[in-house]
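Bear in mind these aren't lab numbers, they're just calculated from the coordinates by the rules spelled out. What you see is a predicted model; the values in this text were computed from it and never measured. As a convention, Cβ positions derive from the backbone with ideal geometry for all residues, glycine included, and neighbour counts pool all protein chains shown.
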Amino acid sequence: MNAHLDNLRVVLVGTRNPLNIGAAARAMSNFGVKHLRVVNVYEVAFREARSAVDAAELLLKAEEFGSVAEAVADCRLVVGTTAAGRRELRHELRRLEQGGRSIRRRLASGPAALLFGSEKVGLSNTDLSHCDWLLRIPTRTQHGSMNLGQAVALCLYELVREGKTPPAKAESTSAEAGKVEMITQLLVGVLRSSGYVKPRLDAVTEENVRRMVRRMRLDASDAEVWLGILRQIAWKLSG
């Protein structure tokens with residue numbers, strides 16, 4: 001089993017049925033994944049879900065967040081799951097087996113988040129804008145979506161099925177998602193102050209800027225430089 005699984009955070013966004021959260025927790029316990037995070041759940045009593053067989057403690061310790069940005073702030077890799085379908089995606093989309101290998105390698109260098117959307121609509125475009133790339137379970141076209149608990153189980157199985165992951169090649173440390181979001185907000189603020197952002201397109205512009213910043217794949221040291229640059233620009237514009 002991957003020795004770095006403690007770095008994995010399973011993030012459930014907008015889950016509507018507490019039984020699905022319980023099923024996800026059970027799957028996490030099956031495969032030795034300990035960190036469950038929930039964002040804007042519909043049912044406050046999810047910690048009592050009877051579907052969390054032998055995973056009650058994991059469910060009890062689940063962390064609650066008000067936004068995806070907060071839930072992934074400490075992560076150096078953020079991966080969203082999607083059935084894709086006819087949806088127009090603006091991220092690289094990887095099949096489960098390929099994406100699983102990438103996540104296994106990255107777990108050795110720090111926390112990573114795996115996002116699952118609500119049962120009804122999946123992850124929104126805003127949720128996806130926080131992701132580095134997307135993961136797809138290769139289901140048939142005619143029936144692409146899966147039960148949430150089953151999807152979590154399949155993804156986690158893929159992360160452990162090959163046993164110990166070979167050591168990754170030495171590489172620079174990726175910036176935490178929280179720092180990337182700070183850069184995004186500073187840049188959007190500068191664009192607003194300069195008049196670049198049109199009020200009616202504010203939300204869309206923010207999503208596009210966030211995706212653009214994430215595509216830069218900044219390491220930790222470069223992120224600090226960008227924060228310094230943008231803070232100075234913001235200060236000048238405010239004066």
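Considering amide H positions built from the backbone, and no H for Pro or chain starts, which residues 5 or more places from residue 135, or on another chain, come under 5 Å of its amide H?
Amide H neighbours of residue 135: 80, 81, 82, 94.
Each residue of segment 59-76 in turn: what ³J(HN,Hα) in whole Hz from Karplus with 6.51, -1.76, 1.60 and θ = phi - 60°, glycine and Pro shown as x?
5, 5, 8, 4, 8, 9, 9, x, 7, 5, 4, 5, 5, 10, 4, 8, 8, 9
Per-residue HN-Hα couplings for segment 117-132, Karplus 6.51 cos²θ - 1.76 cosθ + 1.60 at θ = phi - 60°, whole Hz, x for Gly and Pro?
3J(HN,Hα) across segment 117-132, in whole Hz: x, 5, 4, 7, 10, x, 7, 6, 4, 5, 4, 5, 5, 8, 9, 7.
For the pair residue 154 and residue 173, how long in nm is the line joining their label points, each one 7 Å along Cα→Cβ?
3.6
Would you work out if segment 177-238 is rounded, prolate or oblate? Take a ≥ b ≥ c from the square roots of the eigenvalues of the alpha-carbon gyration tensor; rounded if a/c is under 1.5, else prolate when a/b is larger than b/c, oblate otherwise.
Oblate is the answer for segment 177-238, as a/c is 1.5 or above yet b/c matches or exceeds a/b.
7 Å from Cα along Cα→Cβ at both residue 185 and residue 48: what's the point-to-point distance in nm?
A separation of 3.5 nm, rounded to one decimal place.
Could you please report the charge total around residue 36, scoring K, R as +1 and D, E as -1 over all other residues with beta-carbon less than 9 angstrom from its beta-carbon?
With Lys, Arg at +1 and Asp, Glu at -1, the neighbours total +3.
Using a Cα-Cα cut-off of under 13 Å, which aspartates and glutamates could be cross-linked to residue 198, ignoring same-chain neighbours fewer than 8 residues away?
Straight-distance partners of residue 198: 206.
Please check which bits of segment 122-144 a label hung off residue 83 would reach, taking the label as a point 7 Å along Cα-to-C-beta and the cut-off as backbone N under 15 Å.
122-124, 136-144
For residue 72, list long-range residues whose amide hydrogen, built 1.01 Å from N in the peptide plane, is under 5 Å from its own amide hydrogen.
Here nothing satisfies the definition.
Answer rounded, prolate or oblate for segment 5-160, using the Cα gyration tensor with square roots of eigenvalues a ≥ b ≥ c: rounded when a/c is under 1.5, else prolate when a/b is larger than b/c, else oblate.
Rounded.
What FRET efficiency do you get for residue 125 and residue 64 if R0 is 25 Å and r is their Cβ-Cβ distance, rounded to the nearest 0.05? Provide the component values of the computation, followed by the final result.
Working: r = 23 Å, r/R0 = 0.92.
It comes out at approximately 0.65.
Roughly how many Å is it from the Cα centre of segment 79-128 to that of segment 168-223, as a whole number?
So the two Cα centres are separated by 19 Å.
For every other residue with a beta carbon closer than 14 angstrom to the beta carbon of residue 147, add +1 if it is Lys or Arg and -1 if Asp or Glu, then tell me the sum.
Result for the neighbourhood of residue 147: +2.
Which whole-Hz couplings ³J(HN,Hα) result when phi for each residue of segment 193-198 is put into the Karplus expression 6.51 cos²θ - 1.76 cosθ + 1.60, θ = phi - 60°, listed in order with x for Gly and Pro?
4, 7, x, 5, 8, 7
Can you compute the modelled spin-label distance between residue 108 and residue 6, with each label point 7 Å from Cα toward Cβ, in nm?
So the label points at residue 108 and residue 6 sit 1.8 nm apart.
What full-extension length gain, to one decimal in nm, is calculated for residue 145 and residue 215 as 0.36 nm per residue of separation minus the Cα-Cα distance?
Stretched fully, the residue 145-residue 215 segment lengthens by 22.5 nm.
Which is farthest toward the positive dipole end of the chain among 31, 190, 72, measuring Cα position about the Cα centre, with Cβ charges +1 (Lys, Arg) and -1 (Asp, Glu)?
The Cα lying farthest towards the positive end belongs to 190.
Is the shape of segment 1-81 best called rounded, prolate or oblate, per the rule: a/c under 1.5 gives rounded, else a/b larger than b/c gives prolate, else oblate, with a ≥ b ≥ c the square roots of the Cα gyration tensor eigenvalues?
Taking the square roots of the gyration eigenvalues as a ≥ b ≥ c, segment 1-81 is oblate.
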